[in-house]
Amino acid sequence: TEKIDLWNLLYKNIGKDLSKISMPVTLNEPLSTLQWLCEELEYSDLVDKAVSAFTPLERISLVAAFAISAYGSTRARYKPFNPLLGETYECVREDKGFHYISEQVSHHPPVSCVHATGIGWSWSQTLRIRSKFWGKSMEFQPEGSVHLTLHEHGEEYTWNKVTSCIYNLLGQDRWVDLYGESVITCKQSGLTARILFLKATYW
């Protein structure tokens with residue numbers, strides 16, 4: 001709760017990648033990025049439905065819904081802690097039928113690798129996030145891709161994540177905007193899904 005001169009700290013770093021800059025601990029929530037990424041599996045029942053779907057079109061539709069559901073865990077108030085090199089996190093959700101494990105494989109730049117298995121599927125991603133401060137907002141640009149394999153159908157789906165931006169960073173009413181295009185591809189079925197996240201208008 002100590003008052004911190006955020007303006008002075010951030011003013012010196014406008015336009016820079018903030019992953020190499022020590023930020024005040026009060027900006028963080030009590031979670032690491034490895035735990036935070038596990039929240040993307042909250043709607044894994046969509047993948048379970050894709051495993052039992054009969055047609056490739058049904059399956060890619062459910063995978064697209066699952067890809068969008070990952071942004072349901074996006075929060076504007078705080079950011080997760082950057083894990084230490086070699087830090088791991090494991091989560092077993094017997095109620096949802098998946099086993100998740102993750103590791104921080106690089107500290108500078110920060111890179112997280114995660115893997116999860118469910119009944120008839122496996123999911124993984126390698127994530128590096130570039131963050132830039134733009135005065136009243138902070139932009140997070142993810143690098144890497146997400147992979148989902150449906151073993152019974154022999155299909156692998158791959159997609160990218162979109163940019164997220166936190167606005168009104170130093171105020172009380174922070175909010176998140178998501179923008180960019182996420183493209184889901186499946187070589188085995190030849191189908192592609194394009195999800196366009198539109199940038200919010202001024203109002």
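The values are calculated or read from the model by the stated rules, or taken from the named source; none is laboratory data. None of these values were measured; they are calculated from a predicted model. For neighbour counting, all protein chains shown are included, and Cβ atoms are generated from backbone atoms with ideal geometry for every residue, glycine included. Ligands, DNA and RNA are stripped out before the accessible areas are found, and what is left, the full protein with its side chains, is counted by its heavy atoms. Shrake-Rupley method; radii C 1.70, N 1.55, O 1.52, S 1.80 Å.
Work the Kirkwood hydrodynamic radius out for the chain: mean of 1/r over every pair of different alpha-carbon atoms, inverted, in Å.
Result for the chain stands at 18.2 Å.
Can you compute the modelled spin-label distance between HIS108 and LEU57, with each label point 7 Å from Cα toward Cβ, in nm?
Between HIS108 and LEU57, the simple spin-label model gives 5.3 nm.
How many percent of the accessible area of the chain is carbon or sulfur, using a 1.4 Å probe?
Values: 6400 of 11410 Å².
Within the chain, the accessible surface is 56 percent carbon and sulfur.
Could you work out the helix-only [θ] at 222 nm for the chain, with each DSSP H run of four or more residues adding -39,500 (n - 2.57) and the total divided by the number of residues, to the nearest 500 deg cm²/dmol?
Mean residue ellipticity, 222 nm, calculated: -4500 deg cm²/dmol.
When the chain is modelled as a GNM with alpha-carbon springs shorter than 10 Å, which of TYR100, TYR157, TYR71 fluctuates the most?
Largest GNM mean-square fluctuation: TYR71.
Spin-label point model (7 Å from Cα, Cβ direction): what's the GLU152 to LEU196 distance in nm?
Roughly 3.5 nm, to one decimal.
Give me the angle, in degrees from 0 to 90, between the Cα long axis of helix 56-69 and the longest principal axis of the Cα atoms of the chain, rounded to the nearest 10.
20 degrees
Which loop-located GluC sites (Glu not before Pro) does segment 115-203 contain, where loop means any DSSP state but H, G, I, E or B and the Cβ has at most 15 other Cβ atoms within 10 Å?
Listed in order of number, the matching sites are GLU152.
I'd like the FRET efficiency for THR163 and THR126, computed as 1/(1 + (r/R0)^6) with the beta carbon distance as r and R0 of 22 Å, rounded to 0.05.
Calculated transfer efficiency: 0.80.
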